[in-house]
1. List, largest first, the extents of the alpha carbons of the chain along their principal axes, each in whole Å.
2. State, to one decimal in nm, how far the label point of LYS295 lies from the label point of ASP134, with both points 7 Å from Cα in the Cβ direction.
3. Go through PRO59, MET146, LEU115 and say which Cα lies farthest out towards the positive end of the charge dipole of the chain; charges sit on Cβ, +1 for Lys and Arg, -1 for Asp and Glu.
4. I need to check one value: relative contact order of the chain, counting alpha carbon pairs closer than 8 Å and at least 6 residues apart, in percent.
5. Fewest first, what order do CYS84, CYS150 take by the number of other Cβ atoms within 10 Å?
6. For each of TRP86, TRP290, count neighbouring Cβ atoms within 10 Å of the residue's Cβ, then give the residues from fewest to most.
7. What is the sum of charges, Lys and Arg at +1 and Asp and Glu at -1, for the other residues whose Cβ falls under 13 Å from the Cβ of LEU45?
8. Do the alpha carbons of any pairs in LYS33/LYS295; LYS38/LYS66; LYS211/LYS253; LYS66/LYS246; LYS66/LYS310; LYS183/LYS211 sit beyond 18 Å of each other, and which pairs?
Amino acid sequence: MATVLNNKVNVRIMKRTILLIGFLFVTALLFGKVKGVKHVVLIGLDGWGAYSIPQADMPTVRIMMKGGAYTLESRSVLPSSSACNWASMIMGASPEIHGFTTWGSKKPEIPSRELSPYGLFPTVIGLLRDQRPDAEIGYVFEWDGMQYLCEREAVNHFAHVPPVEEQSDPIVQDAVQYIREKKPTFMMIAFNNPDEVGHKYGHDTPEYYAKLKELDGKIAQIVQAVQDAGIYEETVFILTADHGGKEKGHGGKTLQEMQIPFVVFGKGVRAGSVINNSTMIYDTAATIAWIFGLKQPQVWIGRPITEAFK
């Protein structure tokens, strides 16, 4: 009799354990690794060198740095140019692996080590779509070269919004409207400045810093839109860049060209902390995937920047 009772108790315990494991698994899928986070907004500024932060008049960014976690020593891949670095940012790997190797790559110059079902090296956007089919995903950009780096079929809102006379108002208007209406699970907003100003007037110039001040106001509008949408308390913001710059160009091996800011702010972030671990641009994708609890492909080399979170 005792044996029978013990067996029944063991079965009950096993069932409860299975149910608990199932519950935890589903919870992880729904809410990811960072408790309570349901939305991530990635904002990228083309050509934003980390060297500029001490001098820049960017009150919104400074509030996010003070209230979040950041490093000014994250690095781009080589060459320190646009397409290969934007690709690395969302592909979780370096050019040697994903194959986008030049400033204006429209397709991999080196065959991608792996292809997703969308026919492109796997990005965090494709991972999110495949593992969270109901996710609302937005991808908004100014530079037309961004269109070749993302699985368009995986995106709900895919918008190329060119700037008007170096002003970034159209992309902000598009992003703000989309955020307020759709409350995206993930949204990437890629500005084409301050890079354009850097090429025209030079990096580390009065014109460059004036553009950073303007862009700070655009970031504030995006944050306000998240608040208006009622999802602010469930959102993580990531601010970063593809590369920096020197004089009127970039692509070289100087730290002025390679070092970029990485700022994380919002739900679950370790406020007021400096990220001391080594970080690379491809760690951005790994961090977003980790936040959402997504399974990362073996071909990725990026590591989640968990130091930034509680």
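1. Computed over the Cα atoms, the extents are 88, 42, 37 Å.
2. 2.1
3. Looking along the dipole axis, the top candidate is LEU115.
4. About 33 percent, as a whole number.
5. Ascending number of Cβ neighbours within 10 Å: CYS150, CYS84.
6. By the 10 Å Cβ count, ascending: TRP290, TRP86.
7. Net charge in that neighbourhood comes out at -4.
8. Beyond 18 Å between Cα atoms: LYS38/LYS66; LYS211/LYS253; LYS66/LYS246; LYS183/LYS211.
Rule-based calculations on the coordinates, nothing more; no lab input. Bear in mind the structure is a predicted one, so any value in this text is a computation, not a measurement. A quick note on method: Cβ atoms are made from the backbone with ideal geometry, for glycine too, and the neighbour counts reach across all protein chains shown.
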